[in-house]
Each structure stands twice: as structure tokens, then as C-alpha cells.
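Engineer: Have a look at this one before I ask anything.
The values are calculated or read from the model by the stated rules, or taken from the named source; none is laboratory data. No experiment lies behind these values; they were computed from the predicted model shown. All Cβ positions, even for glycine, are placed from backbone atoms using ideal geometry, and neighbour counts span all protein chains on display. Side chains included, ligands, DNA and RNA excluded: accessible areas come from the protein's heavy atoms. Shrake-Rupley method; radii C 1.70, N 1.55, O 1.52, S 1.80 Å.
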Amino acid sequence: MRLPYRSKLAAASVLAVLAAGAAFADPVPDAELVVNEEIELVTRVAPGPAVADVLTEVYSGWLYRESETRAMQMDDFDNPAMVFVDQGLDMWDTVDGTEGKSCASCHEGIESMKGVRTSMPKMNGAATDLWSLENFVNDCRTERMGAEAWKWNSNDMKNMTSAISLQSRGEPMKVSVEGAAADWWERGKEIYYTRYGQLELACANCHEANAGYMIRADHLSQGQINGFPTYRLKDAGVVSIHQRFVGCVRDTRAETFAAGSEEFRALELYVASRGEGLSIEGVSVRP
Amino acid sequence: MKRHVAHWAMAPALAATLAALPVAAETAPGTIAFDGGAVAASLTGAPGDAAAGAKVMTTAALGNCVACHELAAMPDVQFQGNIGPALDGAADRWTEAELRGMVVNAKMTFDGTMMPAFYKTDGFIRPGDGYTGKAPEAELPPVLTAQQVEDVVAYLLTLKE
């Protein structure tokens, strides 16, 4: 006996909506994200071409959070991630490695990084590999500074990606999925819809089919990455995109992929394309 | 003295029989007889314990059913999810065999459902060692034991409105 249960369920939730006057499957309907009372960020947008067939509207994870958490992100004095941004800014000017250079030696002020985060991940200069922001940072460190590569989820790396991401705050996400990136995007899409682990759950089960619903104490968002790096109150620290992916895959009782792996870089590209048009929030605050 | 010897001689055999008994009667994950989505026979050959089942349903590392299901019958359990339907009245809607089938492997009842299979050990993509994120080192056990499945079924059967 195989029943189309979803339709029954959908009918039930329509009734619940009529009764309650608000759909629990929706994010906060009227919140607007304005940081420091001046920077207006886009948190809802019509879907880009990558997801026009599966989403009716694209929402930032910010919209799904409680009002206190949302408020913390609206003022840089209250945003706990700013401490780490400051450490990243210091590092920007810090000479390291055998060449006696800092990031500033080649790039001058960090404002030169404006817009960079919006197109990540993207093909490297030689068009041989898909690189996340972390890869570009490490390429500068090893090839141009003669310094050691930072570990993907090290504090140094997360401080730096936080400082760089902040330069793109308010700019719309727009990754390239053409040319050499097209294969990566396909691979990422396949991963997004694969039901991993002993619980057999795909990203899409939680973040596409059930965004807006509660999974235990968590209000499921669309799992967008425009807010990253994000300050996670539960971890009392900054979390990278791949770190979040590791956590979500682990929760399906699966063997995860490693941070920085080809699989997660491909997935990052695909998820980024799902969030096209959302503002980079980097650095956001999440529970 | 004679009695003493007899006692020692019997003890290991008795212990072995006791340990072997429930296992021998258990239906292994790969050998479940489904009738559509339903499983008629108890996996242990005996009825479960509803109170133990309630515990399994609310423990995150075990059934964690409340992650996805609301249940007014458990008002003390905070943060109930609402991905699946509320379970109140489940025993009015489904038979024991149907409920057992859903806990064993709900995909046999609801095609492609998000609900995990709790008594299954194969057919997974990159299964992990519990919630460690690592590959399992030994053979993968089902999420719930046969006894735990029966306990959950016993609890579900109390859900009448």
C-alpha cells in the first residue's frame, strides 16, 4: 500500500493556516534586514535560473531566525562576529612567509576585495579547478608570500574569509555556472539531491521540501550560504560554509566529505547558484 | 558436594540458553516479510513495552520521532517537530502490522518518504558510524533493535482518540 501522504498532509496544513492566520511554512513575513540603520540587504528574491523550477521564492536564513538573533545582525556593535573580522583585518596587514609580504603588499586596502565573495566558488586562473575563497587565500599565501597554507577551518582562515566577505556585504550573490564550471555545478546538484547516510536524507529533504517546518527545535531554512561565514551562538564561534555542510551531512548518520574536498566545493557552487540575488551578509549571526 | 558440582556444570549452559533465546526468535533486518507496507509478525515474537517505546521515540540518538512528529500525548516533550503528521490517533488510522511496517521501513508504505527506516542495514549511500561523521568500523547495526521497534509499536498502539 503506497499512499500519496503529502497531499493529505498539505490539506491539513492549509486548514491549520486558515485557523491560525499564518503559515508556519513561511519565514517571518515582514522583517527587513537593515544593518547599522543604513545598509539594506536583500533577504527575499525571485529565484534565479538554477532553481526557477523548484523554488517560488529564495529566502535568506536570517528570515527564519528569532527576533533577538535577527537583531544581533542588524548592528555591528552587537554582532559577535565583528571581533573576528577585526582579527582578519589585522592579519591582512601582517607580513608572513619568506617573501616578506602581507596581503596588503599586493592588494592594498581590503576594500579592493569588494565583490569578490559574490562569485565564489569559481574556476581558478588556469581554469583547471574550482576554488573556494579559502583556496584563493591559500594560493596567495603559498605562491606569493612563501607562507604556509592555513587549514580550511582554522581561526586564521575564518578570520580572513570573514574580513574579505564583509567587503561584499549588500552585494548580490552571482556565481558563474558556465564553461568549465558547468560540470562542477552538475556534480554539486547531484550531491544536493542524494539521500546520504543511514537516515537517507538529502539536502533537499530538509532545505527544499521542508523549509519553514520545525525539525525538533530548529526552524528549517532554505540552507542558503549568503550569510557565511556565520557566527553560530551555539558554537560561540565563526563557522565556515564547508563546516556547516559537514555538520548537516553528519546529522544524516553519514560518513561526511572533508572540508575543502572536491565534493563540498561542487556543492558550494550549486548551493550558491540556488541563492542567486540574495545579498552577501558575511558575517551573519545564527543560533 | 555433589549438588555443588551440578550447580557449576549447569550454569554456563543455562546462561547460554538465556542469552540465545531472544536472539534466536528475532527476525533479522534483511529477512522481514512485508505485505505491502505492513509487517504482521512481531520482530521479537513477543509484545513490546509501551513505556520503553515512549523513551525510544523521544531520545535523539534512538528513534527521535519527535524531531519530525508532534504528539499531544507527550506534553512534557519540548520542541516537537512538524515535518510529518501528528501521531495522535495513529492507532485509529493504522493496524498494528501497518505501524510496525512504518517503523521498520516507512518507504514501503510511503513511496520516497523522508521518514528514515529504523530497522534496515543495507542500501545506504555513505552510511556513517552513528553521528560521528566517520565510516562504520564494524557491520552497521539498524538504528533501532528489534526490541526497540516492538516497544515503539506498543506505544503507537496506545495512541487512540
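Engineer: Report the residue count in the range A:79-95 for those that are outside any helix (DSSP H, G or I) and in contact (Cβ under 8 Å) with a residue 24 or more places away in the chain.
Structural biologist: 3
Engineer: A further question follows. How about the range A:140-219: which helices (runs of 4 or more DSSP H) wholly inside it have at least 2 residues that are among the small types (Gly, Ala, Ser)?
Structural biologist: Correct list: A:155-166, A:181-192.
Engineer: Residue check: is B:Ala97 modelled with pLDDT under 95 and either within 24 Å of A:Tyr193 (Cα to Cα) or not in a strand (DSSP E or B) (or both)?
Structural biologist: For B:Ala97, the condition - modelled with pLDDT under 95 and either within 24 Å of A:Tyr193 (Cα to Cα) or not in a strand (DSSP E or B) (or both) - is not met.
Engineer: Separate question: The conditions are (1) open to solvent by less than 30 Å² (accessible area, probe 1.4 Å); (2) part of a loop (DSSP other than H, G, I, E, B), and B:Met115 fails exactly one of them. Which is it?
Structural biologist: (1)
Engineer: Shifting gears a bit: Mind listing whichever residues of the range A:26-78 are under 15 Å from A:Ser221 (Cβ atoms), open to solvent by 40 Å² or more (accessible area, probe 1.4 Å) and outside any loop (DSSP other than H, G, I, E, B)?
Structural biologist: Passing the criteria: A:Arg44, A:Tyr59.
Engineer: Give B:Thr109, B:Thr132 a once-over and let me know the one that is at the interface with chain A (Cβ under 8 Å from one of its Cβ atoms) and open to solvent by less than 30 Å² (accessible area, probe 1.4 Å).
Structural biologist: Being at the interface with chain A (Cβ under 8 Å from one of its Cβ atoms) and open to solvent by less than 30 Å² (accessible area, probe 1.4 Å) holds for just one of B:Thr109, B:Thr132, which is B:Thr109.
Engineer: Which residue is surrounded by the fewest Cβ atoms within 10 Å (Cβ to Cβ), if the candidates are limited to the range A:266-280 and must be under 14 Å from A:Arg244 (Cβ atoms) and in contact with a helix residue (DSSP H, G or I) (Cβ under 8 Å, 6 or more places away or on another chain)?
Structural biologist: Once the filter is applied, the top-ranked residue is A:Glu268.
Engineer: Only residues that are under 16 Å from the mean Cα position of the chain (by Cα) and either open to solvent by 50 Å² or more (accessible area, probe 1.4 Å) or more than 10 Å from chain A (Cβ to nearest Cβ) (or both): list them for the range B:87-104, please.
Structural biologist: B:Glu96, B:Ala97, B:Leu99, B:Arg100, B:Met102, B:Val103, B:Val104 - these are the residues of the range B:87-104 that are under 16 Å from the mean Cα position of the chain (by Cα) and either open to solvent by 50 Å² or more (accessible area, probe 1.4 Å) or more than 10 Å from chain A (Cβ to nearest Cβ) (or both).
Engineer: Looking only at residues that are of a type in the set (Val, Ile, Thr), surrounded by 24 or more Cβ atoms within 10 Å (Cβ to Cβ) and under 23 Å from A:Asp156 (Cα atoms) in the range A:238-257, which one is farthest from the other protein chains (Cβ to nearest Cβ)?
Structural biologist: Here the residue is A:Val238.
Engineer: Another question about this same structure. Exactly one condition in (1) open to solvent by less than 40 Å² (accessible area, probe 1.4 Å); (2) free of Cβ contacts under 8 Å to residues at least 40 places away in the same chain; (3) of a type in the set (Val, Ile, Thr) is not met by B:Val152; state its number.
Structural biologist: (2)
Engineer: Which members of the range B:112-129 meet the condition of being among the aromatic types (Phe, Trp, Tyr) and facing chain A (nearest Cβ under 9 Å)?
Structural biologist: Listed by number, the list holds a single entry, B:Phe124.
Engineer: Quick one: count up the residues across the range A:34-57 that are within 18 Å of the chain's Cα centre (by Cα) and closer than 17 Å to A:Ser284 by Cα.
Structural biologist: Counting residues in the range A:34-57 that are within 18 Å of the chain's Cα centre (by Cα) and closer than 17 Å to A:Ser284 by Cα gives 4.
Engineer: Testing B:Gly84 on (1) part of a helix (DSSP H, G or I); (2) open to solvent by less than 20 Å² (accessible area, probe 1.4 Å); (3) within 14 Å of chain A (Cβ to nearest Cβ), one condition comes back false. Which one is that?
Structural biologist: Tallying (1) part of a helix (DSSP H, G or I); (2) open to solvent by less than 20 Å² (accessible area, probe 1.4 Å); (3) within 14 Å of chain A (Cβ to nearest Cβ), B:Gly84 fails exactly one: (1).
Engineer: Tally the residues that are open to solvent by 50 Å² or more (accessible area, probe 1.4 Å), at pLDDT 95 or above and more than 20 Å from B:Gln147 (Cα to Cα), restricting the search to the range B:3-60.
Structural biologist: Number of matching residues: 1.
Engineer: I've got another one for you. Suppose we keep only residues that are touching a residue at least 60 places away in the same chain (Cβ under 8 Å) and open to solvent by less than 10 Å² (accessible area, probe 1.4 Å) within the range A:176-199. Which one would you say is nearest to A:Ala254 (Cα to Cα)?
Structural biologist: Checked the range A:176-199; the qualifying residue nearest to A:Ala254 (Cα to Cα) is A:Tyr192.
Engineer: Just a yes or no: is a residue in the range A:148-167 of a type in the set (S, T, N, Q), within 15 Å of A:Gly282 (Cβ to Cβ) and open to solvent by 40 Å² or more (accessible area, probe 1.4 Å)?
Structural biologist: yes
Engineer: Does A:Gly260 meet the test of being surrounded by 24 or more Cβ atoms within 10 Å (Cβ to Cβ), in contact (Cβ under 8 Å) with a residue 60 or more places away in the chain and not acidic (Asp, Glu)?
Structural biologist: Taking the combined requirement at face value, the residue does not satisfy it.
Engineer: For A:Arg286, indicate whether it is more than 14 Å from every other protein chain (Cβ to nearest Cβ) and open to solvent by 10 Å² or more (accessible area, probe 1.4 Å).
Structural biologist: yes
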